[in-house]
Amino acid sequence: MAARRGEKIDHSTDFHTDRLMLHTLGVGLEQVTQFILNEVPDFAAFETWIIHTAGMPSADSIARINALTHQTALPTSVLAWQTELAAMPDVLSKDDLRHWDEQGFVILHEAVPAQDSAAAAQVIWDTLNAREDDVESWYHGEHANIMVQLFQSPAFDANRRSARIHKAFAQLWQTTDLWVTTDRCGFNVPERPGHSFRGPDLHWDMSLHQPVPFGTQGILYLTDTPPEQGALTLVPGFQHRLNAWMDSLPADADPREQDLHALGSRPIGGKAGDMVIWNQLLPHGSRPNRGTKPRIVQYINMLPSTLPVQEIWR
Ligand SMILES: O=C(O)CCC(=O)C(=O)O
């Protein structure tokens, strides 16, 4: 809105905090963007819309955001939660962490209990007006791609609040002071005539301008997802090769336009309730679903309070 009024905005300081604020208020980036672009709201209308969309934020959430933006004290309940997480036994073993270091991704098995993944999957089925036992109904929804812009549900929130997931991210980020994202869901139907895969194919979500800061991404499988059923696909270990590969490209080459599968892509399947967390340096994407059922997922990531902003996009 400031940019529309011609005001200068300081992306370097505001961007990450704005992002954390929206996640914490329980609204998704896509729905916020749509609302702002379509409605051009004033502040009061924006606030009303947030509460209408995601409900009133908890006192803890408000206090935590204020602590971040106005350097006020963190609420004791948030501190207690972080202390509890720090004391919780590790959920990623030494082998998991070695795998993370070498391959750049890790599978957190049984990240959420079976009933929680099933409940979240059911919300997606219901919202899409589709049923598992009615194949035709899988294809009714008109999705631009496999992403489902669904953010608000107690079932999604239960997964976002999972201590086991938080602990895994805490082990990778080496801090419990993390903010969970309010991210969308995914529904990737098996390919058939008239319904071919529309991406996303392998890509990166951050600027490739070096040095790229550490960052994670995550996907929670809500139903069993064998590799051929459109599983998350990535290039294992590429975090170690990215810089040398970038340096080897001709100066005018666009890294995003290269054949990224040729770098060694691999689908990573999982059971319902398993979560794949990957280093954002890995080229990653979905893949055509050649299985017999839709792939149903919830995207979940965690971010620290501060993060270096990449000013240059490459
Ligand atoms: O859904 C997938 O398998 C890929 C997800 C993805 O590309 C992303 O989160 O950026």
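Taking first residues from the stretch 244-259 that are in contact (Cβ under 8 Å) with a residue 40 or more places away in the chain and partners that are in a helix (DSSP H, G or I) and open to solvent by less than 100 Å² (accessible area, probe 1.4 Å), the Cβ contacts under 7 Å between residues at least 6 apart in sequence or on separate chains come to 255/246.
Is there any pair linking a residue in the stretch 158-184 that is open to solvent by less than 20 Å² (accessible area, probe 1.4 Å) to one that is of a type in the set (Asp, Glu), with Cβ under 8 Å and at least six apart or on different chains, and which? Sorted first by the residue in the stretch 158-184, then by its partner, the pairs are 159/116; 162/116; 167/90.
Filter the stretch 285-303 for residues that are open to solvent by 10 Å² or more (accessible area, probe 1.4 Å) and under 21 Å from residue 30 (Cα atoms); which is farthest from the chain's Cα centre (by Cα)? Even if it seems obvious, please write down each step before you answer.
Start the filter on the stretch 285-303 by keeping residues that are open to solvent by 10 Å² or more (accessible area, probe 1.4 Å), which leaves 287-288, 290-293, 299, 301, 303.
After this cut, where a residue has to be under 21 Å from residue 30 (Cα atoms) as well, the list is 299, 301, 303.
Values: 299: 4, 301: 4, 303: 10 Å.
Per the stated criteria, the residue is 303.
Just one of the listed residues (282, 242) is within 13 Å of the ligand (Cβ to nearest atom) and buried (at least 16 other Cβ atoms within 10 Å of the Cβ), namely 282. Every listed requirement among (1) away from the ligand (no atom under 11 Å from the Cβ); (2) more than 21 Å from residue 138 (Cβ to Cβ); (3) out of contact with any Lys or Arg (no Cβ under 7 Å at 6 or more places or on another chain) is met by residue 195 save one, (2).
Scanning the stretch 217-231 for residues that are within 17 Å of residue 290 (Cα to Cα), within 12 Å of the ligand (Cβ to nearest atom) and either touching a residue at least 60 places away in the same chain (Cβ under 8 Å) or not in a loop (DSSP other than H, G, I, E, B) (or both) returns 221, 225, 229, 230, 231. Screening the stretch 264-314 for residues that are modelled with pLDDT of 95 or more, in a loop (DSSP other than H, G, I, E, B) and among the β-branched types (Val, Ile, Thr) and picking the one that is nearest to residue 237 (Cα to Cα) gives 268.
The values are calculated or read from the model by the stated rules, or taken from the named source; none is laboratory data. Predicted model only: the values in this text are computed from it and were never measured. Every residue, glycine among them, receives a Cβ derived from its backbone with ideal geometry; neighbour counts consider all protein chains shown. All accessible areas refer to the heavy atoms of the entire protein, side chains included, with ligands and DNA or RNA removed. Shrake-Rupley method; radii C 1.70, N 1.55, O 1.52, S 1.80 Å.
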